[in-house]
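Input: a single structure, listed below in structure tokens.
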Amino acid sequence: MAGKTPPNELAEPAPIPTPVGGHSIPPQTANRDEAKSFVEAANAAAPSLVREFIEFLIDYKVWWVTPLVLVLLVLAGLVVLGGTAAAPFIYPLF
């Protein structure tokens with residue numbers, strides 16, 4: 001066995017398997033309607049922060065976050081108004 005060399009596995013690539021039935025699958029091309037809708041979506045105006053938040057609530061089903069956000073917004077509004085001339089009317093609320 002000294003004169004015999006081991007077979008080189010990298011010398012010849014493995015054949016590409018054919019699909020079942022022997023038919024090749026044509027490459028997928030983009031549909032014109034899909035391309036048009038993609039361009040329309042790209043040119044559409046970006047949604048507002050409120051709209052994105054509502055879509056987030058709908059997609060992830062986290063409606064329990066809504067009361068927390070509303071309370072935080074009301075408190076933030078009261079803090080902002082506390083620095084204005086409306087402050088004497090807000091302090092009795094606390």
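The values are calculated or read from the model by the stated rules, or taken from the named source; none is laboratory data. Computed from a predicted structure; not experimentally measured.
Hey, among GLY3, GLY22, which residue is at positive phi, at pLDDT below 85 and either part of a loop (DSSP other than H, G, I, E, B) or of a type outside the set (A, V, I, L, M) (or both)?
On inspection, the qualifying residue turns out to be GLY22.
Is segment 57-75 home to any residue that is in a helix (DSSP H, G or I), among the aromatic types (Phe, Trp, Tyr) and at pLDDT 90 or above? Before you say what the answer is, go through the steps one by one.
Here is the first cut: in segment 57-75, the residues in a helix (DSSP H, G or I) are 57-60, 65-75.
In the following step, the residues that additionally are among the aromatic types (Phe, Trp, Tyr) were identified as 60.
Those left that are additionally at pLDDT 90 or above: 60.
So far as segment 57-75 goes, yes, one or more of its residues are in a helix (DSSP H, G or I), among the aromatic types (Phe, Trp, Tyr) and at pLDDT 90 or above.
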